[in-house]
1. Can you tell which of A:Gln279, A:Ser142, A:Thr492 lies farthest toward the positive end of the dipole of chain A, using +1 and -1 charges on the Cβ of basic and acidic side chains (Lys, Arg; Asp, Glu)?
2. For the pairs B:Lys153/B:Lys475; A:Lys344/B:Lys152; A:Lys288/A:Lys311; B:Lys401/B:Lys456, note any where the Cα-Cα span goes beyond 28 Å.
3. Cα centroids of the stretch B:400-457 and the stretch B:24-38: how far apart, whole angstrom?
4. Do you know the relative contact order of the stretch B:281-437, to the nearest whole percent, from alpha carbon pairs under 8 angstrom that are 6+ apart?
5. Rounded to the nearest 500, what is the 222 nm mean residue ellipticity of the protein assembly as shown from helices alone, with -39500 (n - 2.57) per DSSP H run of 4+ residues and division by all residues?
6. Explain nothing, just the number: dipole magnitude of the stretch B:133-182 about its Cα centre with +1 on each Lys and Arg Cβ and -1 on each Asp and Glu Cβ, in debye rounded to the nearest 20.
7. Could you work out, residue by residue across A:140-151, how many beta carbons of other chains sit within 10 Å of that residue's beta carbon, and then give the average as an integer?
8. What gaps in nm, shortest first, separate B:His28 from its twins in the other copies when you place the label 7 Å past Cα toward the beta carbon?
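The values are calculated or read from the model by the stated rules, or taken from the named source; none is laboratory data. This structure is a prediction, so every number in the text was calculated from the model and none was measured. Please note: Cβ atoms are built from the backbone with ideal geometry, for glycine as well, and neighbour counts cover all protein chains shown. Only protein heavy atoms, including side chains, enter the accessible area calculation; ligands, DNA and RNA are left aside. Shrake-Rupley method; radii C 1.70, N 1.55, O 1.52, S 1.80 Å.
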There are 2 protein chains.
Amino acid sequence: MSFPTDLEIAQNADIRHIREIAEIIGIHRDDLEYYGKYKAKIPLTYIDEEKIKKSKLVLVTAVNPTPAGEGKTTVSVGLCDGLNKIGKKAVAVLREPSLGPVFGIKGGAAGGGYAQVIPMVDINLHFTGDFAAIEKANNLLSALIDNNLQNKKFSLNIDPRTIVWKRVMDMNDRSLRQIVIGLGGSNNGITREEGFNITPASEVMAILCLSKNFEDLKNRLGNIFVGYTFDKKPVFARDLKAEGAMAILLKDAIKPNLVQTLEGNPAILHGGPFANIAQGTNTIIATKTGLSLADYVVTEAGFGADLGAEKFLHIKCHYGKMKPDAYVIVATIRALRYHGGATKKGEYGQPNLQFVKNGIDNLKKHIENAFKFGLKPIIAINHFATDAEDEIEFVKSECEKLGVKAILADEFVHGGEGMRELAEEVVYCAANCGNDFQPLYNVEDTVEHKIETIAKEIYGADAVNYSQKSKAQLKTIYDLGFDKLPVCMAKTQKSLTDDETKIGRPTNFKVTVREFEFAAGAGFIIPILGDMMRMPGLPNVPAAEGMDIDLNGVITGLS
Amino acid sequence: MSFPTDLEIAQNADIRHIREIAEIIGIHRDDLEYYGKYKAKIPLTYIDEEKIKKSKLVLVTAVNPTPAGEGKTTVSVGLCDGLNKIGKKAVAVLREPSLGPVFGIKGGAAGGGYAQVIPMVDINLHFTGDFAAIEKANNLLSALIDNNLQNKKFSLNIDPRTIVWKRVMDMNDRSLRQIVIGLGGSNNGITREEGFNITPASEVMAILCLSKNFEDLKNRLGNIFVGYTFDKKPVFARDLKAEGAMAILLKDAIKPNLVQTLEGNPAILHGGPFANIAQGTNTIIATKTGLSLADYVVTEAGFGADLGAEKFLHIKCHYGKMKPDAYVIVATIRALRYHGGATKKGEYGQPNLQFVKNGIDNLKKHIENAFKFGLKPIIAINHFATDAEDEIEFVKSECEKLGVKAILADEFVHGGEGMRELAEEVVYCAANCGNDFQPLYNVEDTVEHKIETIAKEIYGADAVNYSQKSKAQLKTIYDLGFDKLPVCMAKTQKSLTDDETKIGRPTNFKVTVREFEFAAGAGFIIPILGDMMRMPGLPNVPAAEGMDIDLNGVITGLS
């Protein structure tokens, strides 16, 4: 019998009513806002600053991933189950998946195998409507901008050529990347260039994830930079009086969502920003809610540690005033093979100790980086059937040489049971490893210094180049007073450099800031180090074609 | 003290947990799918065909409305409360409002004064996500179409110039009416003209509202007409294998939503299609659910009786195999003044018996039309403070001459208490008026005959003209075999004619079919008799500007 699909496992799960899950972490059933029987929103009143100080935050990150990903979500879910297995009160606090890619290739993003969050179909579709709300808030601002262009009576004199705010849609729809709107005459608005991003790329998403409450949310929404007037004055969302209505649209989206793991442990899913042009991790509110309700919060940050963990530590920890107590780096044997030169798909899936030996340096660099932050990492080897014994042993012994433990993570096949050892080590390390997180830069530093610090210390670059365009934009950032914000690096996740073909642990390289963007509302500057895809397309044969629902509402073909 | 705003009344309401409301109509609390404490979805399993036959369906329609509307929703909600007041088990089954207009001028659409459905803010915003789901299903089809254009390997050979399927967004956003997509080179799709409609104008909305179950839904979705191939063959959504994934996106949207009136009586809100290019009334599933759970269902159809009721009777009753047991025409004194010549805003709000005398013919025509369908109407005079005693008496006596009762509806100020008399009459008439609905045309008739029947019998036209364009399109309709579908007339709601300036009861006029559309999925042909707005704009000062939410989540400025 073949191993069941994620959907089959999820549909056969013995799912419990969400009120029972809530009870585990002390949420009274009447305080929950139910979305059906298996999803609920948690009111903001459950945030308890005193309890947060006593709880342990476990950050799960990874080596630079192969195109197939390293399974951070799977490990995070499994680790939560593992911690519960050994008697700890733990919740997983993770991102919500985007709807668009579900109909393309990628499929869902709710873990996999026996380490999933459920109800899987709901989570992968509309869930509790957060993405739809973010989309509406984003697009309301767009409608207000174009309405102001049309409106001669109350005109803000916005120069349509300078508008950087784009509409969003949670759909893989390449035809909307670059469009022209406002055609058809004077009743239909001002003609201008426009484009749609996918909803997770919306700054509103980044803002929601960094907001502490409605007031903070409104402030950040009001600070969104829209463009310039014809006389070169910056225009913000607050100039359009947009932030109140946008915040109203987010009145429920601001509340974290409670679901469960396959093993009936609580999981909180909330927010899902991009990990390149944004911070790539769930909301601050969700993390704080988790820390208020459980003793251990397992959370993750998108892509490898050079992007996800760095941003988690420099952006989220900065705004959320939090720090991790344990730091887990997920590595797969296949990723180490990949970094050792097995870059073809058939190749990195086959045992080959030499490739692993060649590729271990990628992991070592991420280990070193952790120590730079004052954090002692634990390595989780996310176990695949194709991993050879000698490969695993090699990784373990190399880690030991660095004073770090590497532990096999067997959550995919065995759920929490396969995560006991990792869970024990996380508990031990959170208490005894002396972790004391320190950021590598101070937000008060110059923009150039902040970028250089990340490039040199985290990526291992020798220097940072700036394009002509980016130099001009840097001046704008200083002029507008945004230079004291953290930086949110946008580069490929596949390499420590800005060149995705450079695998392993590259040395003797420079990175180039091609251009800058700034998310003045979210509160960061975005140095762009490569082409960033903000609106995916569908493949030749979209997954949508194989999906079906029967007369009883039973779904097939969703992966 | 001034009369409170709708929002103030709604926020001060003594709202009950939705499980208590469900209990009133025999829904077990564990069967509900909650969306917070005050909204829930009802499973499809509560539809009971035997009970439906015994229950009474009350259709609320209106005279041709003034720009301010006649208050059909308010009367419907009040009548539901009134029926409960006199001891009947009644539910209101109504449409869900669209989000877009909330930020423009119109404000919400959940009744008014003391005849509202609550929670008002939620209902007017994302509610239970139905509109967002419809939007996604619509736009998934769009993405699949454009992906197919891009896709040389599995190309359907669609001619991009013939595509009639548009994207939708629930936002008042005039700049999206006419756009060009697919710019920026070969990675970004095929360049073509496109446009966004507002979500209630989506055919997916019309389809959802006419579907009986998932199978019917999928069939209708598959039947959506997309455009033609380069060799002139019709392309349908099923050719793109879109209907399964679209139906999955609607897996929850298909279930009716339970809320409550201010007086704690059950109300079901489900679906909200346009009343010109679509059928303008809630889902068949919701109406059937209401009839399964209560003895009286009060429902409404958009705009005046010439559009809303005609479509309800010819389209919804046809597909839903249902018929009304009572038929209420809402008239306001101000509308009758308007139809009597007081067409300016200041004018129709002032007492003036002569204007009412001049305008009564509009109401009389709608009364005559009801009798043509085999239905004896009851007239509800939706009471305003500015109505004079002699005006009301005049309307009552004119109705009496036609053998029809006109009753004052005082729901806005007095809620159900102000609706006792109307409720008693509805109960009486549903049992004793001998209502036996018969459609005016047979769907098997020719398209021209169906249109002529409506134009002559309902509007009072002498004849129907066809533009050259519409004649050519008519041929296409016969060629594609869509001629046996009901017709869904798209014309102005302000007049019985196709010219909105013709008030009262015009005679000696013709109507012109300018063009045809067809909604092959929803299952009707749309003769277009005027310019149809499918994407509204925002006003000079959008309502959004005055909206706010405080630290505790309390909302202001939403009307």
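1. Towards the positive end, the residue furthest out is A:Ser142.
2. Details: B:Lys153/B:Lys475 33 Å; A:Lys344/B:Lys152 26 Å; A:Lys288/A:Lys311 17 Å; B:Lys401/B:Lys456 24 Å.
Result: B:Lys153/B:Lys475 exceed 28 Å.
3. 32
4. Working: 207 pairs, mean separation 33.1, N = 157.
So the answer I get is 21 percent.
5. Values: 38 runs with 355 residues, N = 1118.
One gets -9000 deg cm²/dmol as the mean residue ellipticity at 222 nm.
6. Details: 8 positive and 5 negative charges, 30 e Å.
That gives a dipole near 140 debye.
7. The mean count of partner-chain Cβ atoms within 10 Å per residue comes to 6.
8. 2.7
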